[in-house]
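Asks: Submitted below is the structure of interest, expressed as structure tokens.
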Amino acid sequence: MNLLPKKENAPTSHVEMLYQAYQRKERVFRMNVGISWGILLLFLVFLFSGQEWTLAGIPFKTIKVDSEFIRANMVFIAGGIGETIKISILSIILAILLALFAALGRLSTFPPFYALSTFYVSLIRGTPLYLQIFFFFLALPQLGIILPGLWAGVLALGLNYGAYMSETFRAGISSVGKGQREAAIALGMTNGQLMRRIVLPQALRFAIPPMGNDFIAMTKDSALVAATGFVHELMWRAVKVGRAQFHNLEALIMAAIFYWVMTLLLTAVQSRIEARLSKGDR
Amino acid sequence: MTPIVKLTNLKKYFGRLEVLKGIDLEVQPREVVCVIGRSGSGKSTMLRCINFLEEPSEGTIEIHGLTIPAGGKGKEHQQLVHEARLVTGMVFQEFNLFPHMSILENVMEGPVIVKGMDKAKAQEIAEMNLARVGMLFKKDEYPLRISGGQKQRVAIARALAMEPKVMLFDEPTSALDPELIGEVLEVMKGLAKEGTTMIVVTHEMGFAREVADRIVVMNEGELVEQGKPEDVLNHPQHKQTQALLDRYRTGKK
């Protein structure tokens with residue numbers, strides 16, 4: 001055994017010491033944030049612990065939940081996660097396609113295309129998502145189009161998010177400088193080549209972080225599809241068992257936990273992607 | 001000798017503002033023409049009209065056997081403009097490299113996408129042109145990781161890879177730190193020696209004096225004077241040229 005202090009562990013220079021102090025400070029900060037999160041989480045759990053006590057003659061109590069019900073219905077409600085993810089993924093794909101066309105239309109100089117894009121965005125952004133979801137269940141059958149519940153929900157969510165995301169895409173496309181276009185034109189590129197090779201790849205990189213946010217928001221908004229009663233995703237299952245067994249609160253708490261965990265995971269994935277993207281920038 | 005570029009009565013309006021007031025200019029093959037003038041004199045606009053980055057309002061542009069009247073419309077005109085762009089290479093003040101592509105991909109982009117060349121052949125051409133500007137050693141790097149002077153050299157290689165008949169330079173060193181200007185001018189001197197036809201809008205009087213076959217002076221949208229560098233720079237005929245040279249001498253642009 002070597003009893004001499006290891007050389008590589010010893011601070012080598014003033015700069016090294018300053019850097020280590022900085023790292024220590026960062027670590028301490030992150031640790032304290034972690035501890036605080038833990039305390040907040042404990043408080044939240046305590047809030048639902050069903051305790052009753054009296055302090056200085058004033059009675060206190062926390063919310064009571066039926067843990068037996070939770071245990072019994074956990075699997076049934078969790079069974080909706082797959083459906084929720086399926087709706088979200090299909091909807092985001094549709095939304096991205098629509099957003100791309102709407103953004104291109106918005107930047108187009110061809111009046112009908114421009115009009116179609118602005119009309120679509122205005123109509124969708126001017127009405128509530130909840131209403132739009134019902135619309136697809138109520139109006140389409142009148143045209144003889146009867147979609148399975150899932151697809152009607154996907155159509156409504158995709159159309160809605162597409163309208164909002166078109167703004168993100170438009171900003172992304174506008175963020176590509178004039179110089180980039182001129183360089184491509186000077187090389188002899190056609191408009192299509194310029195878009196496909198130069199503008200869109202750069203616009204997408206710009207648009208990916210806000211698209212991640214939209215995707216996370218969409219997994220939660222997919223709960224609205226439950227209102228139609230045809231798609232057996234998380235929210236629908238929670239409402240169904242809650243109502244049937246008079247345990248609405250427990251059922252909703254369970255759904256809330258599942259949604260929260262899902263968004264936590266998605267947020268982690270998103271920050272990974274963002275970190276990788278910004279690395280490419282340097 | 002037939003000129004490779006010929007501008008006849010070229011006019012350009014931006015709204016009601018007349019930026020070019022009837023320019024006549026001929027450039028011979030293998031000639032190096034430097035265009036000087038105060039900012040706002042229309043020199044960049046004239047250059048950008050040659051490859052139709054600016055659509056001229058009036059006049060005619062002849063380039064490498066193509067005759068393109070201003071204000072043309074329709075498929076035929078677009079085809080002519082496209083061909084004009086294929087025979088010209090342009091280098092911008094701000095480099096405008098494609099940041100999402102490596103240096104090599106930047107230079108291959110034109111041959112592969114515009115000319116439809118197969119990748120192996122395009123890579124060969126790209127590497128040859130990168131070597132020409134001394135940038136082959138950075139071919140796998142991305143534009144954000146190289147210096148301004150290096151970016152501009154890559155931008156020159158990107159234009160050269162299209163094997164243009166005329167190279168257009170729009171103030172190629174104006175966005176560079178002083179210590180990086182030299183390397184870009186060296187590359188341009190090399191091109192001039194190889195016999196490349198070049199039209200260079202510049203503020204670098206030393207470069208113009210040394211490399212140009214002819215200097216063209218512009219002022220307020222007009223071509224006021226042209227001639228051999230030593231004549232124009234030593235014995236300017238026009239008082240605007242004199243004023244311009246005085247400004248350079250006192251270190252102002």
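The values are calculated or read from the model by the stated rules, or taken from the named source; none is laboratory data. These numbers were taken from a predicted model, which means no experiment stands behind them. A quick note on method: Cβ atoms are made from the backbone with ideal geometry, for glycine too, and the neighbour counts reach across all protein chains shown. Protein only, heavy atoms only, side chains kept; ligands, DNA and RNA dropped before computing areas. Shrake-Rupley method; radii C 1.70, N 1.55, O 1.52, S 1.80 Å.
Asks: Out of all the residues in region B:181-203, is one or more touching a Leu at 6+ places or on another chain (Cβ under 6 Å) and either over 30 Å from B:N9 (Cβ atoms) or open to solvent by 10 Å² or more (accessible area, probe 1.4 Å) (or both)?
Replies: no
Asks: Further, regarding this structure: Mind checking which residues of region B:103-141 are polar (S, T, N, Q) and in contact (Cβ under 8 Å) with a residue 24 or more places away in the chain?
Replies: Once the filter is applied, which keeps residues that are polar (S, T, N, Q) and in contact (Cβ under 8 Å) with a residue 24 or more places away in the chain, region B:103-141 yields B:N106, B:N129.
Asks: Conditions first: (1) in contact with a Lys or Arg (Cβ under 9 Å, 6 or more places away or on another chain); (2) of a type outside the set (S, T, Y); (3) surrounded by fewer than 18 Cβ atoms within 10 Å (Cβ to Cβ); (4) modelled with pLDDT of 95 or more. B:L160 passes all but one, so which condition is the exception?
Replies: (3)
Asks: Mind checking which residues of region B:123-147 are open to solvent by less than 30 Å² (accessible area, probe 1.4 Å) and more than 14 Å from chain A (Cβ to nearest Cβ)?
Replies: Hits for region B:123-147 are B:L130, B:V133, B:M135.
Asks: Same structure again: Could you tell me which residue of region A:243-257 is nearest to A:K86 (Cα to Cα), considering only residues that are modelled with pLDDT of 85 or more and buried (at least 18 other Cβ atoms within 10 Å of the Cβ)?
Replies: A:A255
Asks: Taking region A:118-133, which residues are in a helix (DSSP H, G or I) and open to solvent by less than 70 Å² (accessible area, probe 1.4 Å)?
Replies: Within region A:118-133, A:T118, A:Y120, A:V121, A:I124, A:L129, A:Q132, A:I133 meet the criteria.
Asks: Hey, B:M117 hits all of (1) assigned to a loop (DSSP other than H, G, I, E, B); (2) within 22 Å of B:G195 (Cβ to Cβ); (3) away from chain A (no Cβ under 11 Å) but one; which does it fall short on?
Replies: Condition (2) is where B:M117 drops out.
Asks: Kindly state which strands (runs of 3 or more DSSP E) lie completely within region B:1-63 and contain at least 2 residues that are among the basic types (K, R) and surrounded by fewer than 24 Cβ atoms within 10 Å (Cβ to Cβ).
Replies: B:5-14
Asks: So, one more: Any residue at all in region A:208-228 that is among the acidic types (D, E), open to solvent by 30 Å² or more (accessible area, probe 1.4 Å) and in a helix (DSSP H, G or I)?
Replies: Yes, some residue in region A:208-228 is among the acidic types (D, E), open to solvent by 30 Å² or more (accessible area, probe 1.4 Å) and in a helix (DSSP H, G or I).
Asks: Could you identify the single residue in A:F169, A:F136 that is under 19 Å from A:P210 (Cα atoms) and open to solvent by less than 60 Å² (accessible area, probe 1.4 Å)?
Replies: A:F169
Asks: Go through B:Q152, B:Q93, B:Q78 for me and flag whichever is assigned to a helix (DSSP H, G or I), within 12 Å of chain A (Cβ to nearest Cβ), of a type outside the set (G, A, S) and within 18 Å of A:E182 (Cα to Cα).
Replies: Result: B:Q78 is the single residue among B:Q152, B:Q93, B:Q78 that is assigned to a helix (DSSP H, G or I), within 12 Å of chain A (Cβ to nearest Cβ), of a type outside the set (G, A, S) and within 18 Å of A:E182 (Cα to Cα).
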